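The values are calculated or read from the model by the stated rules, or taken from the named source; none is laboratory data. Treat the numbers as computed from the prediction; the structure is a model and nothing was measured. Please note: Cβ atoms are built from the backbone with ideal geometry, for glycine as well, and neighbour counts cover all protein chains shown.
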Amino acid sequence: MVSQSSTVVVSATRSGGRRARRRSAFAATVGAVVALVVGLLASAPPADAGSAGYVRAGTTWDAVSDADVAAAPDGTLWSVYGSTLDHLAANGGLLSSTTLDGVAAAKGVAVGPDGTVYVTDSTTGSPSVVALSPSGAQIHTYTLSDEGVALGVATAPTGEVLVTNASADRVEVFSASGTWLRSIGSSGAGPGQLDRPDDVVVGADGTVFVSDSGNSRIQRFNLATGADLGGFGGPGLNPGQLDTPYAVDLTPEGNVLVFDRRALSEFTAAGAFVSRTEHGLTLASDDQGMSVDASGAVYATRSFGVDKFVPAIAGAAAGVKSPKKGVKVAKKKVRLTVACLSATPCSGTLTMAVKGKQIAKPAPYAVPAGGKAKVKVKLTKKGLKVIRKKAVTKTVVTVTGGVTKVKIRR
């Protein structure tokens, strides 16, 4: 570090050489700092990698064990189970229910940009995918090359339709009209190989993301050539790892969201880890589904229902809970409950005021994700005087992300 305040006085005959050495040392230091900053920027994840995870919205729709769910461009939802296709309103109300002719075991559903609904049938020997209009009229059918087990389905920006062939460990590509074009991937655990691919989604640039459930990872391919672009994940329960990924979708920012046996895990399109949220859902089978809508809300199927998750807001995830009758002062202190409503730990400072004036010393808090903690708040001398004037004093308690009115009893 070079400081202008630490000047060294030297003789005229020696100062030139020392100045030269200092200039050389300064240049070397600046060069090292620039190289370090450039290196950090090069290795840092994109700006959209700052997700704080997801929070369960507490909303459950549909009373059946849906196999998959898809968010439509118009904000509605489509879900499938057995031979039934349900259309749900944004608030979860049932708009329509259709029995699909020739479909015995629907496993996947996707909605194209034009509203076309695609449903997969895992039963062999029958059409693998049925394309329907929003009104339920059949448009096209698609059959896997070996009449295998179809699970996931997605549309590409090119208009092509992709279907995961779980029995043959590959993804098959069809034209919009139902003509088989080519397949992607092969059986195995190596690069570009798949083991029971469950779901698929295609990015705007043509990158294909496949939930490789048997290998507990996400595999990436080039849509046009089928070339392997590398994968990410791997078996485990730690951040960045996956435990049997059922479904994959893209967030509005272009990140990759994965729904597995235990969590919702988010990655950048390049595979850098962003966040992991334990979903806490009771699942019905190994063919669960998930979809992200245009607002970033996530819908995931579970045993007897579809649950909604919303992105957690970093730094704005805590709240204060207190009984209606208020809290009592004990030894010049009050104990308040701070709840963390985020998928990541909450921390910050709690303050308490009456008519805009602070009556307590700021109290730091740190609460585990989704948990609660008691926080001791010490009243100031002026605060005690204010509290003692009334049997019950209404105060305003502020934490990072929330303001709550709390009654204090003397």
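Side notes on the structure shown:
- Only one entry of 154, 176, 137 meets the criterion of being touching a Leu at 6+ places or on another chain (Cβ under 6 Å) and either in the same structural domain as residue 225 (by TED's automatic domain parsing) or of a type in the set (A, V, I, L, M, F, W, C) (or both), and that entry is 154.
- Selected residue [more than 19 Å from residue 246 (Cα to Cα) and without any contact (Cβ under 8 Å) to a residue 24 or more places away in the chain] from 100, 95: 95
- Criterion: surrounded by 18 or more Cβ atoms within 10 Å (Cβ to Cβ) and in contact (Cβ under 8 Å) with a residue 60 or more places away in the chain - qualifying residue of 367, 334, 377: 334
- Restricted to the stretch 299-398, the set of strands (runs of 3 or more DSSP E) holding at least 1 residues that are within 30 Å of residue 68 (Cβ to Cβ) and charged (D, E, K, R) comprises 305-311.
- Which listed residue, of 227, 300, 312, is among the hydrophobic types (A, V, I, L, M, F, W, C) and either touching a helix residue (DSSP H, G or I) at 6+ places or on another chain (Cβ under 7 Å) or more than 18 Å from residue 209 (Cβ to Cβ) (or both): 312
- Any hit, the stretch 345-358, residues being under 23 Å from residue 280 (Cα atoms) and not hydroxyl-bearing (Ser, Thr, Tyr): yes
- Residues that are outside any loop (DSSP other than H, G, I, E, B) and of a type outside the set (S, T, N, Q) were ranked within the stretch 114-131; the one that is surrounded by the most Cβ atoms within 10 Å (Cβ to Cβ) is 119.
- Filter pass, residue 391 being in contact (Cβ under 8 Å) with a residue 40 or more places away in the chain and either among the hydrophobic types (A, V, I, L, M, F, W, C) or within 30 Å of residue 279 (Cα to Cα) (or both): no
- Taking the stretch 1-113 as the region of interest, the strands (runs of 3 or more DSSP E) fully inside it that hold 2 or more residues being modelled with pLDDT of 50 or more and within 27 Å of residue 370 (Cβ to Cβ) are 54-61, 68-71, 77-81.
- When residue 345 is tested against the conditions (1) free of Cβ contacts under 8 Å to residues at least 24 places away in the same chain; (2) within 30 Å of residue 56 (Cβ to Cβ), the lone failure is (1).
- Residues in the stretch 143-182 that are over 26 Å from the mean Cα position of the chain (by Cα), farther than 14 Å from residue 212 by Cα and of a type in the set (A, V, I, L, M, F, W, C): 7 in all.
- The single condition from (1) farther than 30 Å from residue 263 by Cβ; (2) touching a Gly at 6+ places or on another chain (Cβ under 7 Å) that residue 340 fails is (1).
- Apart from one condition, residue 312 fits all of (1) of a type in the set (Gly, Ala, Ser); (2) modelled with pLDDT of 85 or more; (3) in contact with a Leu (Cβ under 9 Å, 6 or more places away or on another chain); the exception is (2).
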